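Asks: The structure under discussion is supplied below as structure tokens; questions concerning it will follow.
The values are calculated or read from the model by the stated rules, or taken from the named source; none is laboratory data. Model, not experiment: these values are computed from the prediction. Cβ placement follows ideal geometry from the backbone for every residue including glycine, while neighbour counts extend to all protein chains displayed. For accessibility, only protein heavy atoms count, side chains too; no ligands or nucleic acids. Shrake-Rupley method; radii C 1.70, N 1.55, O 1.52, S 1.80 Å.
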Amino acid sequence: MTKAASVIHWFRLDLRLHDNLALRNAINEAENRKQTLRPIYLLDPDLKNKVGKNRLRFLIQSLRDLDANLRKINTRLFIIKGNVECLPQLFEKWQVKFITLQVDIDAELVQQDEVIEQICEEKDIFMVKRVQHTVYDFNTVLKNNNGNVPLTYQKFLSLVANTQVKDSIEITKEISNDCKAPDFDSTENDITILEDLGFSEADLNECKYPGGETEGLKRLNLYMAKKQWVCNFEKPNTSPNSIEPSTTVLSPYISHGCLSSKLFYHKLKQVESGMKHSSPPVSLLGQLMWREFYYTAGAGTKNFDKMVGNSVCTQIPWKKNEEYLKAWAEGRTGYPFVDAIMRQLKQEGWIHHLARHMVACFLTRGDLWVSWEEGAKVFEDYLLDYDWSLNAGNWMWLSASAFFYKYYRVYSPVAFGKKTDKEGLYIKKYVPELKKYPSEYIYEPWKAPKSVQTAAGCVIGENYPKRIVDHDKVHKDNIQRMNAAYKLSKEKKALKHYLCRLKRPCNVAKRNQRRHYTFQSKAFSE
DNA sequence: AATCAGGTTGGAAAC
DNA sequence: AGTTTCCAACCTGAT
């Protein structure tokens, strides 16, 4: 009788066995009740319209690896082809009494969660949610700051300075046959191939970063073994345009939850201990803390991924310009460094953090004056390591809409890349039309004499686009526009403040608070 | 209230 | 070559 009932762990952005408390909760509960354990993943067929090919491939690879790892402990992954609307049916079909999942903060997932929580309540299904995607529980961090979002990195660091980080857990014990699903060997719901989602492997570029927990852990161990390198790491001194990545590229594994940020934290602490090492914000640990910072900000701010209705975001009158946006996204702005970066992004799904700075500044306040929201959407498509909070937060940073305010510091699409790649080898790799250009002109091919252009087999305006804007001129105009936008925003703030004080002392902290979902039950132990 | 220090990573020119 | 200064001047958080 009890055999028919099931316990579900709903995998989302936690595609791993290690440091997965919610999964362990599900396993223990299934064992205690002698019920069927069903680890599930909802694979939305509509995803192919929302997510770029490379990221989709990374996801599929991660799911396959997850399934393989689950089989090692006598269970498997059940892939459900459908979206969240399938869940009520599954609850019926499998007689679900207990469900576990991790807390995610992407606005869309949060909305889904509300619906599911409601359904579980109605059907008397016990739900366990665990904060395990970040090192710190952002609700606690916000509480420590009186419900206010910390607006600087240093402030964030001070808020977590005395927080003990729990150990990362392991799940290695095989589950008993009592909990094994009766349809364990069914292949009905296997992920067959990418064709299921409308792609064939042939459409795709070479796979530089294969998805999955196994790969993520391998990569982590590879880099943590280089102790000297880890301890000397300083982000601003790494190169955005080296041919091979100058940083770890652990980010796609962390964003998909193939790798636990908490495990990364402890490994870093271990490597640093007893050694002279760099510190936040520039150290590797500092990079992880940036992620925590943006997660906290994202969790505590309504409409964090939008400009309007976002309390931390300065309102700037960006202009719609489809032509500019397309030229930028497709890597044909006529600025070779910008185009090389955008093409690497599209091909490989990963670009260096400083390369992201370059192109983000260029699209927004630097040159094209297009909204950061548009750029964020393009990054969402292409980045393997796309992450809701980090993407919105960094775009606001670079567009000087929040967190960073020195808008008069503008990246030059000509000068910036030269610092680390004078020869322009990076450009020659990703913008092959220009590969025969002399290094002298590689960052500014329009300056090459016609004879040089012809000799290099690439005439500007014919074989490679003319630059769409004149950076030297336009970036100065844009600084003035930023100046005006800041002034207006300041006046509005002052007026609001004044009106607020006229009425009643208003509690900004309370107004900015957003509903948080954290599971807290004294009856349920880990 | 007013002031001050500090802020992950700018560029160009001057030493 | 590597550091300093100017450019024109932002914001937050602390006091």
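Asks: So, in segment A:321-361, exactly how many residues are outside any helix (DSSP H, G or I), among the small types (Gly, Ala, Ser) and surrounded by fewer than 24 Cβ atoms within 10 Å (Cβ to Cβ)?
Replies: 2
Asks: Please determine, by comparing only the residues of segment A:387-428 that are small (Gly, Ala, Ser), open to solvent by less than 40 Å² (accessible area, probe 1.4 Å) and part of a helix (DSSP H, G or I), which one is nearest to DNA strand C (Cβ to nearest atom).
Replies: A:393
Asks: Something else about it: Among the residues of segment A:10-21, are any surrounded by 20 or more Cβ atoms within 10 Å (Cβ to Cβ), farther than 17 Å from residue A:104 by Cα and out of contact with any helix residue (DSSP H, G or I) (no Cβ under 8 Å at 6 or more places or on another chain)?
Replies: No, the conditions are met nowhere in segment A:10-21.
Asks: Right, next: If I filter segment A:48-66 for residues that are farther than 29 Å from residue A:217 by Cα and of a type outside the set (Asp, Glu), do I get at least one hit?
Replies: Yes, there is a match, as at least one residue in segment A:48-66 is farther than 29 Å from residue A:217 by Cα and of a type outside the set (Asp, Glu).
Yes/no matrix, rows are residues, columns are (1) farther than 24 Å from residue A:132 by Cβ; (2) within 16 Å of DNA strand C (Cβ to nearest atom):
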| site | (1), (2) |
| --- | --- |
| A:239 | yes, yes |
| A:248 | no, no |
| A:261 | no, no |
| A:272 | no, no |
| A:275 | yes, no |
| A:282 | yes, yes |
| A:289 | no, yes |
| A:298 | no, yes |
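Asks: Kindly list the number of the only condition in (1) in a loop (DSSP other than H, G, I, E, B); (2) more than 16 Å from DNA strand B (Cβ to nearest atom) that fails for residue A:127.
Replies: Tallying (1) in a loop (DSSP other than H, G, I, E, B); (2) more than 16 Å from DNA strand B (Cβ to nearest atom), residue A:127 fails exactly one: (1).
Rundown of residues vs (1) in contact with a helix residue (DSSP H, G or I) (Cβ under 7 Å, 6 or more places away or on another chain); (2) within 26 Å of residue A:413 (Cβ to Cβ), yes/no style:
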{"site": "A:238", "(1), (2)": "no, yes"}
{"site": "A:261", "(1), (2)": "yes, no"}
{"site": "A:287", "(1), (2)": "yes, yes"}
{"site": "A:311", "(1), (2)": "yes, no"}
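Asks: Quick check, is residue A:346 away from DNA strand B (no atom under 16 Å from the Cβ), under 17 Å from the mean Cα position of the chain (by Cα) and not assigned by TED's automatic domain parsing to the domain that holds residue A:465?
Replies: No, not satisfied.
Asks: Filter segment A:363-375 down to the residues that are surrounded by fewer than 24 Cβ atoms within 10 Å (Cβ to Cβ) and part of a helix (DSSP H, G or I) and list them by number.
Replies: A:373, A:374
Asks: Given the criterion under 18 Å from residue A:328 (Cβ atoms), more than 13 Å from DNA strand B (Cβ to nearest atom) and either at pLDDT below 95 or under 27 Å from the mean Cα position of the chain (by Cα) (or both), identify the matching residue among A:430, A:411.
Replies: Sole residue among the options that is under 18 Å from residue A:328 (Cβ atoms), more than 13 Å from DNA strand B (Cβ to nearest atom) and either at pLDDT below 95 or under 27 Å from the mean Cα position of the chain (by Cα) (or both): A:430.
Asks: Next question. Please specify each residue of segment A:142-167 satisfying the condition of being open to solvent by less than 30 Å² (accessible area, probe 1.4 Å) and either within 16 Å of DNA strand B (Cβ to nearest atom) or of a type in the set (S, T, N, Q) (or both).
Replies: A:145, A:149, A:150, A:153, A:156, A:159, A:160
Residues are listed down the side, and each one gets a yes or a no for (1) out of contact with any strand residue (DSSP E or B) (no Cβ under 7 Å at 6 or more places or on another chain); (2) surrounded by 15 or more Cβ atoms within 10 Å (Cβ to Cβ); (3) closer than 30 Å to residue A:134 by Cβ; (4) modelled with pLDDT of 95 or more:
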residue	(1), (2), (3), (4)
A:457	yes, no, no, yes
A:485	yes, yes, no, yes
A:498	yes, no, no, no
A:513	yes, yes, yes, no
A:516	yes, yes, yes, no
